[in-house]
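What follows is a single structure, written as structure tokens, with notes after it.
The values are calculated or read from the model by the stated rules, or taken from the named source; none is laboratory data. Fair warning: this is a prediction, and the values are worked out from it, not measured in the lab. Glycine gets a Cβ as well: all are built from the backbone with ideal geometry, and neighbour counts include every protein chain shown.
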Amino acid sequence: MLIDIDRELRYTRDQIGQDAFSERVLTALAAVPRHCFVPDDMQAAAYDNGPLPIGHGQTISQPYIVALMTDLLRTTPDDVILEVGTGSGYQTAVLARLVRRVYSLEVVAALASAASARLQQLGCGNVAVRHGDGYAGWPEHAPYDGIIVTAAAPYVPAALIAQLKPGARLVIPVGEPGNVQQLLVVEKDAEGAVREWPVLPVAFVPLVAGSDK
């Protein structure tokens, strides 16, 4: 991991209200070979702090945003996490190093298939990838110790809140394409009450409903 995540954090620490990321998160990012998750013609930019296209109108998020969203989940080694938006599998691979199990949904069938094969080749045996509609979540394995969404929805999907374990967090960008989006943390307390708060403005591709064939 060539990017200095802590240096990038200095630019936004007033917005996100923290001075450092978890060492567990930084260690996981450093251990995941990002170049394995970008197209061949993007290899030279694999470790730049910016999003990159991965085909099908989708992107791989910049390393800093991956670090931030992962850190906001507050994971523990025994957690079971739902990821909505597998993409090429980079965020998935980072999570796989931090938790017991990752279930990941991808709306584009070709990306889901490629990511699943790639993750298995890289030894991420605690990951399951499914082609499906992220708005519906993956109820068979709920409730989850955390949910992360890697594309922007116009609202927080009710199905994802329902699949969140009490005391857990959902990290999701919310907003319309081309407009200001906010990265939100949604937290469900022990009684099931939900509160949410914005972290910082972001720009993500839209979360697509349904699934392709």
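Among the conditions (1) part of a helix (DSSP H, G or I); (2) surrounded by fewer than 18 Cβ atoms within 10 Å (Cβ to Cβ), LEU160 misses just one, which is (2). Residues that are in a helix (DSSP H, G or I), more than 26 Å from ARG169 (Cα to Cα) and charged (D, E, K, R) within the stretch 30-66 comprise ASP40, ASP41, listed in sequence order.
Can we say VAL174 is over 18 Å from THR75 (Cβ atoms), in contact with a Phe, Trp or Tyr (Cβ under 7 Å, 6 or more places away or on another chain) and free of Cβ contacts under 8 Å to residues at least 40 places away in the same chain? Considered against the rule, which asks whether it is over 18 Å from THR75 (Cβ atoms), in contact with a Phe, Trp or Tyr (Cβ under 7 Å, 6 or more places away or on another chain) and free of Cβ contacts under 8 Å to residues at least 40 places away in the same chain, VAL174 comes out as yes. Every test in (1) assigned to a helix (DSSP H, G or I); (2) out of contact with any strand residue (DSSP E or B) (no Cβ under 9 Å at 6 or more places or on another chain); (3) at pLDDT 85 or above is passed by MET69 save one, and that test is (2).
Per-residue answers, yes or no, for (1) within 12 Å of the chain's Cα centre (by Cα); (2) buried (at least 20 other Cβ atoms within 10 Å of the Cβ); (3) closer than 17 Å to CYS36 by Cβ:
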site: GLN91; (1), (2), (3): yes, yes, yes
site: VAL94; (1), (2), (3): yes, yes, yes
site: ARG101; (1), (2), (3): no, no, no
site: LEU122; (1), (2), (3): no, no, yes
site: PRO139; (1), (2), (3): no, no, no
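Against the test of being in a strand (DSSP E or B) and on the phi > 0 side of the Ramachandran plot, the options GLY167, GLY178, GLY192 yield a single qualifying residue, GLY167.
Considering (1) touching a strand residue (DSSP E or B) at 6+ places or on another chain (Cβ under 8 Å); (2) surrounded by fewer than 20 Cβ atoms within 10 Å (Cβ to Cβ), the lone condition that LEU170 does not fulfil carries the number (2).
Filtering the stretch 137-150 to residues that are hydrophobic (A, V, I, L, M, F, W, C) and either at pLDDT below 95 or farther than 21 Å from LEU68 by Cβ (or both) leaves TRP138, ALA142.
Within the stretch 186-207, work out how many residues are closer than 18 Å to ALA151 by Cα and surrounded by fewer than 18 Cβ atoms within 10 Å (Cβ to Cβ).
Narrowing the stretch 186-207 to residues closer than 18 Å to ALA151 by Cα: 186, 196-207.
The next check asks that each one be surrounded by fewer than 18 Cβ atoms within 10 Å (Cβ to Cβ); those that pass are 196-198, 200-201, 203, 206.
Looking only at that region, the number is 7.
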